[in-house]
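Peer 1: If you scroll down you'll find the structure; I have some questions about it.
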Amino acid sequence: MGPARAAAVAHLAQPGQSASCHTLSRARSAGRRPRSSFNRKFREQGEEKDSKERDAVRASRERGSEALRSWMAEKEAQLETRKQQNRTDEEAKIAEMETALTQEPWTRVLALVDTSTPPTDGPAGKGDPARMRELLIQLKAKPLASDAAAASASSSA
């Protein structure tokens, strides 16, 4: 303690005690230790901050788990919708295939060729579906000799 402060608290000292001892004992008895008061306040502020952070983390986790549950429910609904659509498409495709089996073979072949696309630029006739369509119609009307022989052999067997 400095000389100016010692002189200021000297009048509070009891006989036989130094001024600094009296000041410290008086501060201790009143529970006003500056360091312990600071530590107590600092600890309380830290605990309050930790409590707020725990509450924020808990709330964030609850929001996240709720969002995850709703996302999973949405995905499950989409999956069920997709499964149902695939089943419907499969049934339609099976029905189409069964119908195609009862048709003439050339009709099935023409159904497999995409003739609706426009001709593409390039060498003459390359990529033009009209030419393919004309060829198939010609083969339907006049089958090749090897195809006719195979057809007559398989029908006589």
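The values are calculated or read from the model by the stated rules, or taken from the named source; none is laboratory data. Because the structure is a prediction, the values reported are computed rather than measured. All Cβ positions, even for glycine, are placed from backbone atoms using ideal geometry, and neighbour counts span all protein chains on display.
Peer 1: If we keep just the residues of region 28-87 that are surrounded by fewer than 10 Cβ atoms within 10 Å (Cβ to Cβ) and outside any helix (DSSP H, G or I), which is nearest to the chain's Cα centre (by Cα)?
Peer 2: Among residues in region 28-87 that are surrounded by fewer than 10 Cβ atoms within 10 Å (Cβ to Cβ) and outside any helix (DSSP H, G or I), the one nearest to the chain's Cα centre (by Cα) is G31.
Peer 1: Would a scan of region 98-109 turn up a residue that is hydrophobic (A, V, I, L, M, F, W, C) and either at pLDDT 95 or above or out of contact with any Lys or Arg (no Cβ under 9 Å at 6 or more places or on another chain) (or both)? Walk me through it before giving the result.
Peer 2: Let us first name the residues in region 98-109 that are hydrophobic (A, V, I, L, M, F, W, C), namely 100-101, 106, 109.
In the following step, the residues that additionally are either at pLDDT 95 or above or out of contact with any Lys or Arg (no Cβ under 9 Å at 6 or more places or on another chain) (or both) were identified as none.
Looking for residues that are hydrophobic (A, V, I, L, M, F, W, C) and either at pLDDT 95 or above or out of contact with any Lys or Arg (no Cβ under 9 Å at 6 or more places or on another chain) (or both), one finds none in region 98-109, hence no.
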